[in-house]
Amino acid sequence: MAKVELLNLSKNYPGRKTPVLDQFSLTVDSGELVSLLGPSGSGKSTLLRLITGIEYPDSGDILFDGKSILSIPPNKRGAVLMFQKAYLFPFLSVEENIGFGLKVQGATKQTIQIEVAKILDLIGLPGIERRKPAHLSGGEQQRVSLARALIVRPTLLLLDEPLSSLDTAVRQNLQEAIRRIQHELGITAILVTHDLGEAMGMSDRMALLLEGKVAAIDEPMKLFQKPPSSQVAKFVGIDTFLKGRVNHGTLETQHGNLTVRTNGFVSDSATFAIRPEHIEVGSELAENILTGVVKDCMYRGEYVEYQIQIDTMVVRARVAMPAAMIPHGEVIKVAFPAEHLFPLTA
Ligand code: ADP
């Protein structure tokens, strides 16, 4: 385990106009799991390749516990990578697969046997030493691949979309297992994923990678509830933005006035946002309301999702069950509780 510092990393590939990573900085504390979220092509894999040493940055530095690792060859850096596919050796047993790293390090057969048994217990698959990868399910293969990564006691565990090929139940199960094991062993880890739910459930902090830089980094709940900018807000599922003049606690939008909590803040052009599950829909609502027309209403199991047209704006609201199905075209009130409207900085 180690504190990992990525300092002003820049990387471009030949033929590209803009760099993939542009002065990218991120610190991961010892024993912390930080997830990296970002659209496809935003440079997440490139970053992992720089850390493992498969690629070299154009500028910047990578420190493990304060020491640069850039001049250290990839196999000596102590960073291990777990991929979307398990990539196990098909003709080797589970024990041989997991023990491979220890064998390369010169460990005795007996040590390998003891360590493999211990790690199989830890990943919840005791007694499968003799099996071949082909006789394991996808989830079991990924557990074995995690065991193989962990047996060498890495300084840093890099998880590159490790669960994205698994079905939902297996995936949830493994999310919990990885998180538990990472905590138990106190390993510093970086998780790359495009799944917001996965990032929120597994990480201590979540970083959003946009245009080669960290656009925002914070605890998942904080980023989810109060993202700093509209770019980040969109990424965490917010699509209602209300613009207007702020005057004495009132946001004057082109659709009508709404009360907002501002702590005396005055602005000629502010943008407030609200999460879809904080918007209320109904005919009895009285406070902080605008009126709109139902465009769409969908039952989603735990909630009903409404699309409501308010002048030129379409608002998406998610109301927890029990919620009414409202026919298309019906005129309805939409409430934006002041305590849930928050200002964006950009
Ligand atoms: P992500 O993992 O976020 O999807 P990548 O790091 O794989 O993003 O890629 C970032 C960008 O760099 C993409 O536009 C991709 O096409 C480009 N890229 C990645 N690897 C190479 C390479 N070896 N040569 C040229 N361009 C590359």
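Laid out as a table, the results:
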| item | result |
| --- | --- |
| Total formal charge among the other residues, if their Cβ is under 14 angstrom from that of Ser93, Lys/Arg +1 and Asp/Glu -1 | +2 |
| Signed unit charges on C-beta, dipole axis of the chain, positive-most listed residue Asn288, Ile178, Gly256 | Ile178 |
| Distance between region 262-290 and region 43-64 - C-alpha centres, whole angstrom | 43 |
| Degrees, to the nearest 10: 138-150 long Cα axis against longest axis of the chain | 60 |
| The chain: angle of helix 109-122 to the longest principal axis, Cα-based, in degrees nearest 10 | 20 |
| Point-charge dipole on Cβ atoms (K/R +1, D/E -1) for the chain, about Cα centre, debye to 20 | 1060 |
| Rounded tilt (10° steps) of 168-185 against the dominant C-alpha axis of the chain | 60 |
| Under 13 Å from the His328 label point (7 Å along Cα→beta-carbon), backbone N, region 273-308 | 294-298, 307 |
| Unit charges at the beta carbon, dipole of the chain: most positive-side option, Thr155, Ile54, Thr240 | Ile54 |
| Longest to shortest principal axis, alpha-carbon extents of the chain, angstrom | 74, 45, 38 |
| Solvent exposure ordering (accessible area, 1.4 Å, most first) of Ser165, Ser59 | Ser165, Ser59 |
| For region 238-343, alpha-carbon Rg relative to the globular expectation (2.2 N^0.38 Å, N residues) | 1.05 |
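The values are calculated or read from the model by the stated rules, or taken from the named source; none is laboratory data. These numbers come from a predicted model, not from an experiment. Please note: Cβ atoms are built from the backbone with ideal geometry, for glycine as well, and neighbour counts cover all protein chains shown. With ligands, DNA and RNA removed, areas are computed over all heavy atoms of the protein, side chains included. Shrake-Rupley method; radii C 1.70, N 1.55, O 1.52, S 1.80 Å.
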